[in-house]
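Novice: Please read through the structure below; I'll follow up with questions.
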Amino acid sequence: LTVVFIGDGAPAGSYGYTNSGYSVYEEENERLTESLRTKVSAIKSLSIEIGTEVKNQNKMLSEMDNDFESAGGLLGATMGRLRMLSRGSQTKLLCYMMLFAFFVFFVIYWIIKLR
């Protein structure tokens, strides 16, 4: 009775697949593929979250831009009124307004400092 071996010592009936080491490499490839699939899925979900956060931040920046533009317009109008007051003979009123503004800023600074 003679047994014929094919490949790396596998019996003739198995075609050299199970004992040749290919199944070990195939299992390793499957494990690595699954690991890669998990990592790609994690990166995908992370990139979706980053995209959502970027959209929210852009929306907030747009709203802040609009708020700053309206505040700038209001400040420009106020400065125009102050220039008109300074051109007239109401310098005493302008001095009172400036003193009041400094007082308000000092009070706000003092309140913030106490926190």
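Novice: Select from the range 92-115 the residues that are in a helix (DSSP H, G or I) and among the basic types (Lys, Arg) and list them in ascending order.
Specialist: Selection gives Lys92, Lys113.
Novice: If Ser89 satisfies all but one of (1) open to solvent by 80 Å² or more (accessible area, probe 1.4 Å); (2) part of a helix (DSSP H, G or I); (3) at pLDDT below 85, what's the number of the condition it fails?
Specialist: The failed condition is (2).
Okay, residues lined up against (1) assigned to a helix (DSSP H, G or I); (2) closer than 30 Å to Leu99 by Cα; (3) in contact with a strand residue (DSSP E or B) (Cβ under 7 Å, 6 or more places away or on another chain); (4) of a type in the set (Val, Ile, Thr):
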| position | (1), (2), (3), (4) |
| --- | --- |
| Ile48 | yes, no, no, yes |
| Thr52 | yes, no, no, yes |
| Lys55 | yes, no, no, no |
| Lys59 | yes, no, no, no |
| Asp65 | yes, no, no, no |
| Phe68 | yes, yes, no, no |
| Met84 | yes, yes, no, no |
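The values are calculated or read from the model by the stated rules, or taken from the named source; none is laboratory data. Predicted, not measured: the structure shown is a model, and the values here were computed from it. Cβ: placed from backbone, ideal geometry, glycine included. Neighbour counts: every protein chain shown. Side chains included, ligands, DNA and RNA excluded: accessible areas come from the protein's heavy atoms. Shrake-Rupley method; radii C 1.70, N 1.55, O 1.52, S 1.80 Å.
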